[in-house]
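K.L.:
Below are the C-alpha cells for one structure; questions will follow.
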Amino acid sequence: MVPTWNYAVVHAYGSLRVIDDVAWVRAQLEALTQHNEAAFPEPWAVSDAPEDFTEKLIGAVVGIEMVITRLIGKWKVSQNQPPQNQRSVIEGLNARGQSGAVAMAALVDAEVKNVG
C-alpha cells in the first residue's frame, strides 16, 4: 500500500490586468490584512506600521487583477475508499487539529454523507 492524499483545487482562467495604482494596491492590502487578522483579539492593521514604511512597501507591490472567464474544480476526498477507511481519514484529519486538516475532514465527511 502507498499513502494517498486528499485535495480540493480550483483552476482559474482569465485575463490578467496589471494595476499600477497605489490607492488600489493599498485598498487590497488593507482588505487582505483585515480578513487575515480578524480572528485575533487585537488585530493588526496596515495603519499600525509607520506611514513612510508602508508607503515604500506599497510602492514596490505590483497589483494584478484577473477577470475570471472559466473555473475548473477537482477534488479527491477518499470517495474511492470503503466506509471504514473514510471514517479513519476523517478521525485522523480531525485529530491533527490544524485548520486545513479539519476543513479537509469536513469535505470527506460531506462526500461520505452525500454518497451514503
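The values are calculated or read from the model by the stated rules, or taken from the named source; none is laboratory data. Just so it is clear, the model here is predicted, and its values are computed rather than measured. Here the Cβ positions follow ideal geometry from the backbone for every residue, glycine too, while neighbour counts run over all protein chains shown. These accessible areas exclude ligands, DNA and RNA; they are computed on the full protein's heavy atoms, side chains included. Shrake-Rupley method; radii C 1.70, N 1.55, O 1.52, S 1.80 Å.
K.L.:
Of Gly59, Leu29, Val10, which is farthest towards the positive pole of the chain's charge dipole, taken about the Cα centre with +1 and -1 on the beta-carbons of Lys, Arg and Asp, Glu respectively?
P.N.:
Checked the options; the winner is Val10.
K.L.:
Could I ask something else about it? Going by alpha carbons, how many degrees (0 to 90, nearest 10) lie between the helix axis of 83-96 and the longest principal axis of the chain?
P.N.:
The angle comes out near 40 degrees.
K.L.:
Would you mind telling me the share, in percent, of accessible area of the chain contributed by carbon and sulfur at probe 1.4 angstrom? Show your work: numbers first, answer last.
P.N.:
On the way: 5230 of 8940 Å².
Roughly 59 percent of what the probe reaches on the chain is carbon or sulfur.
K.L.:
While we're here: 222 nm [θ] for the chain, helices only, -39500 (n - 2.57) per DSSP H run of 4+, per residue, to 500? Don't skip to the answer; put the middle values down first.
P.N.:
Numbers: 4 runs with 56 residues, N = 116.
Computed mean residue ellipticity for the chain: -15500 deg cm²/dmol.
K.L.:
Using 1/(1 + (r/R0)^6) with R0 = 41 angstrom and r between the beta carbons of Thr33 and Glu91, what's the FRET efficiency to the nearest 0.05? Write out the running numbers ahead of the final one.
P.N.:
Working: r = 35 Å, r/R0 = 0.86.
Step by step, r from the Cβ atoms, then E = 0.70.
K.L.:
Only one of the listed values, [x] -0.61, -0.87, -0.96, -1.08; [y] -0.55, -0.91, -0.97, -1.03; [z] -0.28, -0.73, -0.93, -1.15, was derived from the coordinates as log10 I(q)/I(0) by the Debye sum over Cα atoms at q = 0.10, 0.16, 0.18, 0.20 Å⁻¹; which label is it?
P.N.:
The value computed from this structure is option [y].
K.L.:
If you take the beta carbon distance between Ala45 and Asp20 as r and set R0 to 22 Å, what does 1/(1 + (r/R0)^6) give as a FRET efficiency, to the nearest 0.05? If you can, show how the numbers build up before the last one.
P.N.:
Working: r = 24 Å, r/R0 = 1.09.
Step by step, r from the Cβ atoms, then E = 0.35.
K.L.:
Kindly report the accessible area of segment 1-71 per residue (heavy atoms of protein chains, probe 1.4 Å, no ligands, DNA or RNA), in Å². Write down the numbers at each step before the final one.
P.N.:
Working: 5950 Å² over 71 residues.
Solvent-accessible surface per residue comes out at 84 Å².
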